1. Residues in the stretch 261-270: is at least one part of a loop (DSSP other than H, G, I, E, B), in the same structural domain as residue 210 (by TED's automatic domain parsing), in contact (Cβ under 8 Å) with a residue 40 or more places away in the chain and within 25 Å of the chain's Cα centre (by Cα)?
2. Filter the stretch 187-199 down to the residues that are at pLDDT 75 or above and in a loop (DSSP other than H, G, I, E, B), then identify the one that is surrounded by the most Cβ atoms within 10 Å (Cβ to Cβ).
3. Identify, by number, the condition in (1) at pLDDT 95 or above; (2) part of a strand (DSSP E or B); (3) in contact with a helix residue (DSSP H, G or I) (Cβ under 7 Å, 6 or more places away or on another chain) that residue 115 doesn't meet.
4. Evaluate the following for residue 49: is it assigned by TED's automatic domain parsing to the domain that holds residue 162, under 30 Å from residue 380 (Cβ atoms) and touching a strand residue (DSSP E or B) at 6+ places or on another chain (Cβ under 6 Å)?
5. As an exercise: evaluate residue 218 against (1) over 28 Å from residue 73 (Cα atoms); (2) in contact (Cβ under 8 Å) with a residue 60 or more places away in the chain; (3) assigned to a helix (DSSP H, G or I) and give the number of the one condition it does not meet.
6. Going by the conditions given, is residue 202 within 24 Å of residue 76 (Cβ to Cβ) and in a loop (DSSP other than H, G, I, E, B)?
7. I need the full set of residues from the stretch 335-349 which are outside any helix (DSSP H, G or I) and exposed (fewer than 15 other Cβ atoms within 10 Å of the Cβ), in order please.
8. Read through the list (1) buried (at least 22 other Cβ atoms within 10 Å of the Cβ); (2) closer than 30 Å to residue 21 by Cα; (3) touching a residue at least 40 places away in the same chain (Cβ under 8 Å), then give the number of the only condition that residue 181 fails.
């Protein structure tokens, strides 16, 4: 029998970010009791501001699309890439997967709060300012200990726990599930600016701009336009590229941009009004995506790299998949979390991984910047850039390594 000080809930979700809000809403819509425990108070800052089209499929599934569309976020219809004089664009309205043609670029503080508020409006209880400090999955039912902001603690018992804690990676830490990432150590330095680039004919506010450093191809920049004339700007590079650049993050970021004439021209009139931030060593992995009584969602499970904005897409996809499997389990069905959740989720993650690795190796950049790619191939690549990395009808999804190798070899031979 549970003790008096143990609160009993059906599903506990750790974290109220996009994956937590989506998963909780989907479970609540299916009639389940759901409690979210969130360490921070919303709104709060987060990167991952350029959504892929596939994200909106899950926002719609969770009954939140109308609210997102009405929120005034910057429309996004594709991605643009710049390297020196080369410029290449991909249109999400013209993809192999025929997914949603547009999405949004969002300040995550506002976007995440909107999703969490929408989940709450659907009946999900969210407790902000509380921290999960221990977890026991060896009992008949999972048991968590939570600490309130006043220091008091209490116990929670649940049928199942979904960890959507993002970079906090609560269960991987508490259950010793963390595993080393196979990605090199990279660092991002970024800020928000008042951009003043509306008059630049070569800048499309409805696309994220990815810029490659002119001489160091493993250094790249994001420029993500928001509504009301603001942008998120960041540089990503291996740790050694930051050596000797000093501790002033604003000076560091602007120094990298000054070395990149095409981007410096775009940002020439920008007002730098927000101190830069940094995040490093963000790539992460785990030993398992699930266990008796729990599953890991989004960045709590694995984070690759920010280059193709895949993080929120993977988070929302994992939330939708986990909510579906868990709903059936809670109804008494026999489910196989490895076959129905971990393996299919990993296939899409591995597709993204292939193109992230190819980006830093230069092979995918050769494809992106090639001036004569066949339209049908561009449509297949565009589908992946729009987030449809699970559409195995697409040859560049079903055989990513072989297809990318063949295509990059063709592009390289054309360049010689």
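1. no
2. 195
3. Every listed condition holds for residue 115 apart from (2).
4. So residue 49 passes the test.
5. If we test residue 218 against (1) over 28 Å from residue 73 (Cα atoms); (2) in contact (Cβ under 8 Å) with a residue 60 or more places away in the chain; (3) assigned to a helix (DSSP H, G or I), just (3) comes out false.
6. yes
7. Within the stretch 335-349, just 336 meets the criteria.
8. (1) is the only condition that residue 181 fails.
The values are calculated or read from the model by the stated rules, or taken from the named source; none is laboratory data. Not measured: the values here are computed from a predicted model. Heads up, the Cβs are rebuilt from the backbone with ideal geometry, glycines too, and the neighbour counts pull from every protein chain shown.
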